[in-house]
Each structure stands twice: as C-alpha cells, then as structure tokens.
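Notes follow once the structure below has been shown.
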Amino acid sequence: MIPYILLQIVGMPVIGSLLILITRPKLGRKAGWIACITLLYTTALLFLVNIRVYQGATIFEEYILGSLVNVNLFADGLSAPVALIMNICSVALAFYSLHYVDHRIELIYGHVDEKTWILYNTRFFSLFLYFPAGFMGIAFCTNMISLFFFMELLTIIPLYFIMALFGYSDYIKRTNVALMCLFWGVGGATFFLIGIIVAFTQTGSFEIASLNALSGNQLVDLVIVLIFISMFVKLAVFPLHVWMPWVHAEHPTCIAGLLAVYANIAAYVIVRVLVIPLYNDLQVYSIPIMLLALITMVYGSLFTMVQHDVKRIAACSTISQISYSVLGIGALTVTSIEGGMFFFLSHIMGKTIFFSTAGLIVYATGIRDINKMGGLASKMPLTTLLWVLGAMALSGFPPLSAFVAEWIMFTGIFKSGVYGSSTVFVIAILAVTAIVLTISYTFLAAKRIFFGPLNPDFENKEIKDPPLTMIIPLLLLAVVLISLGLYPKFLLELFDSVIGLL
Amino acid sequence: MGIEFAWLCFLFPFAGALLSPVLAQIHPKLRDYGAVSLSFAAAVSSVMLIPYIFHPSQLPIESSFVWLTTPIKLKAGVLVDSLSIVMANVVAVISFFIMLYSMGYMKGSRSLTRWWMWMNLFIGSMLLLVLTNNLLFLFIGWKLVGLCSWGLISFYYKDEKEYCVGGPPPTQYRTPSHSGLKALIVTSAGDVLMLGGMLIVYAYAGTLNILELYNTSSMWITEMAQTPGMISLVIVLLLAGAFGKSAQFPFHEWLPEAMTGPAPVSALIHAATMVKSGVYLVARLIPIFYLGYWVAGCHEALYFFIIVAWVGAITAFVAASQGMVSLELKKVLAFSTVSQIGYMMLALGVAGLTPDNLVEGYTGGTFHLMSHALFKACLFLCAGSVIHAAHSIYINEMGSLRKYMPYTWLFMFIAALSLMGVPPLPGFWSKDLVLISTLHVHIYPLFLVAIITVIATSFYSLRFVGMVFHGKESENIATMKKKGKHLGEAHPIMVFACGALAIAIVVVGILGLKLEHFLGETFGDALERLHLTIVHPESAGLFVPALSVLTVLIGAVVAYIFYISRKMDPARFLEKRLSLKAIHKFFWNRWYIDDIVYYKFFVGIVTTLAATTPKYIEGPLNKVFHGFIPALPGGIYNIIKYMKTESREMTFNLLYIILLLIVILFVMFFLEGAP
C-alpha cells in the first residue's frame, strides 16, 4: 500500500497549486496541465483506497496538531466513494477549464500580452486546486475543527477569488457576487462553529466520534439546530437558498459543477456529524426536514421554470435537486439515507454535465438568454447530446445512476411512510410526483435552446461544437453515471458498510 | 431451446443502438444493414421462444442474476411465460418489419445514425419491459420507452412546416418538438405516479419479483386492506402509469399529436411498442387483483377492474368519435389506436368483474392486442407511403389514389377491413371476443358503448379508405399530376413490408378461431397455475357475432354512400343539420379535452404558479436577505449617530446614562450569581 495515501490525496492538490505558481515562468501556457495531472494522480489513489475499503479494510492516518485539534484522516465505506466521485468531477472540470479559462480571460480582460495572460491563467489553476483539497479534507477528516477549517478554506480561497477574478457581471458586479458568496459561506459556517463549541462544552472533544456522548444531553437539540441551520445555508434549503441563483449562476462555468459539490457536500456532513452519531436524537426532526425539502424541491423547480438565462436554469435547478438528497436523509431510514447519498453523488456528476453544457452554449454563442437561441442542435450536435444526458441525469432517467438513487431513496421513504406517519406518506407521494417538474424544465429548456427553427441571428455566424477537450471529459462523466446506474452494487455495498450499522 | 433467447431478445437491439455510431464511421450502408439485422436477430430470438408455449408445463421459466443486495435485494432477469412470449413476438416481429420499411422510407434522410439508435433503443426497451422478471426493470424499460418516444416524435427537430400536425387554420399547428415534449411530460406524469404505486407495493410485499408478487399476493394484499383506501390508492397510481403510456382517457391527447414523427415511428409507437405497454402492465397485474378480490376477499381490489373497464369503454368511444371527423390520415389512425386500446382495456377490465370471465376477458384483451398490432402496423406503413406520394397529410387532399398505388390500396384495404371487424379477418375474431366477454358481465351500458363504437369504427375506417383511394382526384393531386410529379407506388422495400403484413393479417384471420382457442387454453393454463379458479369459456352462440357484423354494416353503408360511391356530399349533408354540425365541431375540437385538461389545467396551473415565484417569493426574500439584513448595521449606526450628536437633544443623553446604569447593574447581579 502506498504510504500516507490519504494525506497525499488531500495534500497533493495544494502542492500542485504551489508548483503551478513556481513553474509558471517556465511552463507558460502548459501550467494548467499540472492541475489535471495532479488530480488524475489523486483519482488513481482514490481508486486504490476504494478497492481497499471494498475488501473490508478502513484506512486511518493520524496527524496530531494539538491536544484538541488534529488532521486525522479516515477512509471508510462512506467517505471513500464520496471522495472518489467528487474528485472525478474535479478532474473532468480541470480538463474542461483548459479551454474555458482562455475564453473567460479574453472576455474579461481583452487581448492581453502573453505574460499577463499566463498570470491570469495560472492564477486560476492554482486557485482551482484548492477545491479538491477542501473536498477531500471534508470527506476524510475526523475532527470538527479541521472540518470547519476545510469548509472555510473552500469559501475563502477558491470560491471567493475565482469569483472575483473570473466571474460574470451580467446582473451585478462580479466582486459583489464574490462578497455575497463569502458572507453566506462564512455566515453559514459560523453557526457550525458555534454548534461544535456548544458540543465541546459538554463532551470536551472536537472529534466527530465524540458526538455520540452528546446523545440525550440537554443541549443536544441546540447543537443539532445550529448545525442544521449551517448546513441548510450550504444546501440552499428554502428560504436560505437566495444566494444560490446569484452565486451559482455568475461563477465562471468551469467551476459551476464544483459549486454544486460545495453545496451538496453538506449532505455528507449531515450524515457524518449528525445522523451517524446522533441518530436517535434526530428522529423528531425527520418530518420538519422532509417538509422543508419538499417545499424546496417544488419551489426550486417552479423557480427554474421561469428562468430564461441558460446559466440560471442550471443554477436554480441545483436548489431543487439538492433537496432530494435532503429528503432522503431526512426520512432517517437506512435505505433512504443510502439513496440520498447516492443521489448526492449522481447529482454532482449530472449537474457538472448539465451546467458545463450550459457553459458550452455560452462559450459557443456568447449569449445567455435562451429566448435568443433556438435550433442550435443542427450546429452543435454533441452539445445537444450532453444537454440531454444532463437532463436525463437530473430527472432520473435510467440507465443513469440518478434513477437508481431515486428509486432506493423513495423505497426507504415509502416504507417509513407506509408503516409510520401518514405525513411522511403524503410527502413521499408529493415528492415523487414533483419529479415531473424536473423533467418539464430540463426538456423544455432543451426544446427552446436546441430545437425548432434556427435563430436567424445565428445563420451567418460561425457556431460549432466547442473543442473536444471540453466535451470528452463530460462524456466520460456520463459514462461513469451510466456505469453506476447499471452496476450500483459496488457503491451501495460500500455505503451499507457504514450506514447499514444504524 | 434455451432461455438465453429471452436475454438475447432485448440485448440485440440494445447492441444495435450502441453499434450504429460505430458502424456509421465505417460505412453508412453498413450502419443501416447492421441496425436492421440486429432487429431481425431480436425477432428470431423471440420466435425461438414460441416452442415453450407448446410445453406449458415448463412455464413460467425465470433466469436471473443478483443485481443488488443492499439495501434492497433484487435479482434482475427474464421471465418467460405465455404472456411475455406472446408480447415479445408481437413486439419483435412487427418491429422488424417496420425497421425494414424504414430502410426505404428514410432513404436519403439526414441524421440516420440518430434514427437507427433511437429505433433500436425503442425496440430493446420495449422488449426489456415485457420480458423482465421484476417491476423495477419493467419500470426502467417503461421510462426508456418514454424517452425514445420523445426522441422519435421530435425527430424532425427543426420544426419545418411540412412535419407539423394539426391545422388547417384556424386549428392550431403543432410542431414536432412541441409534440415530443408533450408526449414526454404527459407520459412521465403517469410514470412518476406509477413509481409511487410500485413503491407502496414493495413496502407491503417486500419484493418486486413478478412471480413472488403473484405467489404472496393474498398475504400482502390482505395486509394492505387493513389501511382503508390503500388498495384503491395503489390501483389509481399504477393505472395512471398504464393510462398515460397507453393514451387512455384522460391522458390520451398526446398520442394524436405524436404523429409529427416519421411514419415508421408512428407505426412503432402504435403497433408494437409504447402504447401496448400499458395494456401489458394491466394484464400483468390482473392475477394480483383478481386474487385480492375473488380469493382474499379485499373488496377494494375490485376497483381495479371497474376502473379499467370503464376507462377502456369511454376511451374507445371518445377516440372513435374524434376519428370520425379528423382530416389528417395519420391522426385518424391515431384516434383509432386510442379507441382500439380502449377495447383491450375493456376486455381486461371485465375479466375480473365476474369470477367466470377471467380467461375470456384476458384472452380477448391479449388477442386484440395481437391482431391490432398486425393491422395497425400495416395501416401506418401504408399511410406513410400514401403521404409520401400525395405530399399531404390531409385525406381531403388525396382521392382516387387507387389507380396510382394499387398494391398499397389492397394492403391498406385489407388492414382497414380487419380494423372494422369484418370476418374472417383477425380484427373480427378478437373484437368478437372482447364483446362477448363484455356481455358476460351483464353491465349493459358497457356493452352498449362498445357496440356503438363498432359502428363508429366501421364508419371512420371506410371513410379514410374512400377519401384516400376512391372518388374524384382532389385539387392537390390534380396539380401534382399537371406538374408531372411522380405519383405511384413507394420504394419496393416499403411495398414489400406492407404486403408481408397484409398477408400475415389474412393468414392469422383464417386461423383466427383456432388461434383464439389456443390462446384461451394457454392463458387459462397459465392462470390456473397461479391457483386462480378457471372457467373455460363455452361457445357463446351467434348473437354477438351477428350483432357485430350488423353494426359493422351500419357504419360501412353510411361511409360507403358518403365517401366511396359519393351519392351524397357529406359537407352539404352537414350544412343543413345544425345539431349534427355542433356535434361535428365538438368532435373536431377533440371534446375540448386537449384544450382544457392539458393546456388550461396542467400547463396553465404550473406556469401560473411558476410565474408568481419571482415576484411574490424570490423578490421579497432577496429584499430581506440582500437588502434589509445587510443594511441593518449601517442603519443602526446611523440612528445612534443621529441620536447621539445630531439631534442635540438633552433627553437622549440622559437615556444613555440610564441605559448604561442598567447594564452595569445587570453585570453586577450576574457576577454575584456566578460561583
């Protein structure tokens, strides 16, 4: 086994980022490839980790910083696959960025000389790598202070700076959007910090595992509520979703998929920090969470339906999609939680495809308003295919894995509804019906963008499918989605080794 | 003999879908032949399953592998029993002829790779749906069929005018991309409800395997019955899926507009795949609810049969009435499909209404599905050739085509006679059985609706034959002739496919009675194995056949006078009678169901709700979170600054001093209380 394998997975992106900054005078335009290679390497490591874990092992690495704080890393059946899929999304987007960043730099800063261009380009990729670093940290760490640290790291370094440097300013200035994103991120995380400090006053430890001892404590509800508020901000649960349409839509599209991960990873944190240690104390929160999830789901879909900005469609759909995983977790049955986590992974891959395809459209046409599109399928067949694949992933069409995830999740929810509260049963039926809204807005957008007669404005323009380095990573993601849909056994057995113990 | 053929049956078309883009890189011809030969392979595999039917003692056979163990156990595999063998053969064999036909029809068309991929995926999904051994994979096939229909109905995605349906003005035109989306959304609405139903069934039964569901049904249905309304809910949810896919009332309006796809697609959707899936599902579910009512005694289970029968009868009549006035050739055929599927549903519904009607109704529904598949495929393929030749979708722009397309006329005429129910064609035998089983349950309104529909069917069938092939040439044809455009038979491969189907119709018709008895015995046997009480039908006498022939004649004579001998002009006949004119308008506007149920109700409610979100919810929330809260610190600061310095009021300063004192007191008390 490779030594320090988890540390490498978390640390390599940071080293890669520094390497990009150091070598940029020499490597010039090729610096972006360092990011891709680093992430390919960590993905390979993650495959190894997953195989080990599937064979029944767990990996634990100890890195103690002080008596209360450590960066211990732990890979089990839950963290390993989550980390793997998040990393796969990051790799795909790193390759996608190679061309996309060129386009962004040119659009924002105009034709600049080679040196300035390289400066911006390498700045992007060195910031980009903090995303996977943060994600991997959140997935593997066992200490809540380091968990908080990694969450803040994501908000402050890559998200804020990439937004401020490369974002869109179509509605409000990109620096303002960056600030908005920073405030919401930090604000949300603060609730988490208060929550874990309250927990600390009772248990005397910041270890996630120590939260077990909180069960039945008089302050447990306070801790749960604080952490839920913090996570709901990240998950964009109604009414804390208002940042999502702004922040998610105005980002440069090459990180939009990662923003979906950034938001949806909170579902993983909930399972890790609340569901596993405090399963019994959570029961009373089940129905309120499911209700919130249902409201968000329906509201998010309706709100998406009225958008006519292609990036906003993708952004607003995240609001409703994330709620499916919240619903699964909220039902608090083993089956539904496993389904919810599976849906989280399917969603981030599907959203990466869907959103990046929106980016491809903007890249090729230069416009965001779908009322000015129409008939693009004849000019951009591969982009159309990707959009349909993304739409299928979001609306849960087989053989993509989102279908299996939805099915498992709803099996759990219906079972608890049939034998438990009738409110859950009603929520289950309404939520399953709400899927039709997702189908409506994704395929309606497909019709408006790609089908129908070609918009006369495009006739003389040179519009074609973007370069293959942008398309192939997304197609490969679709292959991963389909493989997981055809053979979900591997992933679900991994999940079951952890969640099945509840 | 081997069960492997059941696997191959759907794997071949799936392989075809995947291979098409690869083969296209080598040579376009290779792609075309590859796609068709893989569908041929599927047809052969399904035929290889037929011997099992003659050895009923071996059935049902299951072959499966463990697909998932946690958190749900599921063995994926195939189930071969008499129903799945019959269905697989209908689907695979007819699909093959349609694929063959489309080689001629689509010649020179753009995006052929996409075409073959969708077609093969469509066929494969349908075969997966009918052959799988569990409800999950049935649902997977079900969803994929819906997706493929979207891809194929909106195949001409550029929405050129010649591919639109509807009209002539003031009736609206519908574009291919619109119709495709409508089909997808309407059927998906049914799908998600059906998924809910399946999940409830799983929650009680603990399995999705079809045979296990049959075997344990008396247990879990009884458990379900303990919650009042639960069985009814499950029935409604499951049937919503079936009615959505099979275009039954009130979800039937997507099907006539699905005509925007190329003719082979219409044939595929109507004859072999898609709309038959709902009928198949109902047939699959019958043993469960039959057992639930007649054996386990859960009275709610009877609703299944009541709903199916009534919806079937209503749909049969509603759609036939619309078919009587429609002017688009393919739309007439589409309405007739909806109506004929209504008959199938009717038969399956009445199967469970009395304990001795099971075999008769079940066989009637399935047999009608078979014969309908044959003649409807033939009708659509011929319609494709006719539309191709006449360059118009409207039957009033055709006329007198018989002399230009004698073969197509012959084939279409045979198929239309079968649709009308003229003996000894298969449509006669199967419709006869449907009517007999309906009569057996002694619910006379059902029977009456069914009989009236026979008249309507016979009328609209002869109407379109007359308007297309007989009478005078329309202006359109005359102009075409003047311009020297080619008017004649289609590509030989298309004529061949139509001819083969027409011959099959005649052969099946001649063997009709024997086939009917054979199917009755086979299904009876299969149902008996599920421990259901079986009464084999006795011969019903000549009342129903005589009545059915008589009613066919009534419709036919009227249509003959109007449209073939043309002794009377239908337009002038209508002009004089105001009440008939009103009815005509009502039927022409499709009972306003499309307008009111789909556009005003579903689309209207959702879009209105969606339109309110930015203004009434998102806007205010944005104001609170991004306006009010960020402004709070600055606002408070301003107020304090104003009070402190700018107001020049002595009282404020006094207030500060008092506040400060209070705070100090609080702190002191707090400190004192602390240990």
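The figures follow:
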read-out: Relative contact order [Cα under 8 Å, 6+ residues apart], region A:371-454, whole percent; value: 50 percent
read-out: Cα-projected label distance for residue B:4 with residue B:582, points at 7 Å along beta-carbon direction, nm; value: 6.8 nm
read-out: Selection from B:660, A:404, A:358, by position along the positive dipole direction of the protein assembly as shown (Cβ); value: A:358
read-out: Residues in region A:209-225 reached by a label modelled at residue B:670 [backbone nitrogen below 15 Å; 7 Å Cα→Cβ]; value: none
read-out: Whole-angstrom gap from region A:226-266 to region B:477-551, using each part's C-alpha centre; value: 59 Å
read-out: Loop GluC sites (Glu not before Pro), region B:512-596 (other Cβ atoms within 10 Å of the site Cβ: 16 or fewer; DSSP); value: B:538
read-out: Relative contact order (%) - region B:466-564, alpha-carbon pairs under 8 angstrom, separation at least six; value: 48 percent
read-out: Viscosity 1.567 mPa s, temperature 4 °C, Stokes-Einstein D of the protein assembly as shown from Kirkwood C-alpha radius, µm²/s; value: 40 µm²/s
read-out: Residue-averaged beta-carbon neighbours from other chains (10 angstrom radius) around A:388-399; value: 3
read-out: Residues losing 30 Å² or more accessible surface upon assembly, region B:147-166, compared with the chain by itself, 1.4 Å; value: B:147, B:150, B:157, B:158
read-out: Over chain B, relative contact order from alpha-carbon pairs under 8 Å, at least 6 apart, %; value: 12 percent
read-out: Spin-label model distance (nm) - residue B:568 vs residue A:209, 7 Å beyond Cα toward Cβ; value: 9.1 nm
read-out: Spatial separation of Cα centroids for region B:360-388 and region A:301-322, in angstrom; value: 43 Å
read-out: Which of B:380, B:543, A:95 is most accessible, then next, and so on - probe 1.4 Å; value: B:543, A:95, B:380
read-out: Where region B:21-143 is the region considered: accessible area per residue in Å², 1.4 Å probe; value: 33 Å²
read-out: Region A:349-427 - accessible surface per residue (Å², probe 1.4 Å); value: 21 Å²
read-out: Net charge of neighbours whose Cβ lies under 14 Å from the Cβ of residue A:185, counting Lys and Arg as +1 and Asp and Glu as -1; value: 0
read-out: Farthest toward positive dipole pole in chain B [+1 Lys/Arg, -1 Asp/Glu at C-beta], among B:532, B:63, B:315; value: B:315
read-out: Solvent-accessible area, 1.4 Å probe, carbon plus sulfur percent, for region B:62-120; value: 62 percent
read-out: Simple spin-label estimate for residue B:44 and residue B:485 in nanometres, 7 Å along Cα-Cβ; value: 4.1 nm
read-out: With all protein chains modelled, accessible area of residue B:486 [1.4 Å, Å²]; value: 140 Å²
read-out: Solvent-accessible area per residue for region A:186-298 (1.4 angstrom probe, square angstrom); value: 28 Å²
read-out: Size of charge dipole - region A:51-116 - debye, nearest 20, with Cβ of Lys, Arg +1 and Asp, Glu -1, no other charges; value: 160 debye
read-out: Computed magnitude of the charge dipole of region B:1-119 (debye, nearest 20; Cβ of K, R +1, Cβ of D, E -1); value: 480 debye
read-out: By accessible area with a 1.4 Å probe, ligands and nucleic acids excluded, highest first: order of B:220, B:118; value: B:118, B:220
read-out: Accessible area, probe 1.4 Å, largest first, for residues A:416, B:458; value: A:416, B:458
read-out: Area of residue B:311 that stays accessible when all protein chains are in place (1.4 Å probe, Å², to 10); value: 20 Å²
read-out: Chain A - charge dipole about Cα centre, Lys and Arg +1 at Cβ, Asp and Glu -1, debye rounded to 20; value: 880 debye
read-out: Interface A:B - total buried accessible surface [probe 1.4 Å, Å², rounded to 100]; value: 4800 Å²
read-out: Leading residue at positive end of dipole, the protein assembly as shown (Cβ point charges), from A:336, A:84, A:127; value: A:127
read-out: Whole-percent carbon and sulfur share, accessible surface of chain A, 1.4 Å; value: 67 percent
read-out: Virtual paramagnetic centre 7 Å along Cα→Cβ of residue B:592, amide N under 19 Å, in region B:292-320; value: B:318-319
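The values are calculated or read from the model by the stated rules, or taken from the named source; none is laboratory data. Since we're looking at a predicted model, the values are computed, not measured. Neighbour counts are summed over all protein chains in view; Cβ atoms, including those assigned to glycine, are modelled from backbone coordinates with ideal geometry. Each accessible area value is taken on the protein alone, full model and side chains, heavy atoms only, with ligands, DNA and RNA left out. Shrake-Rupley method; radii C 1.70, N 1.55, O 1.52, S 1.80 Å.
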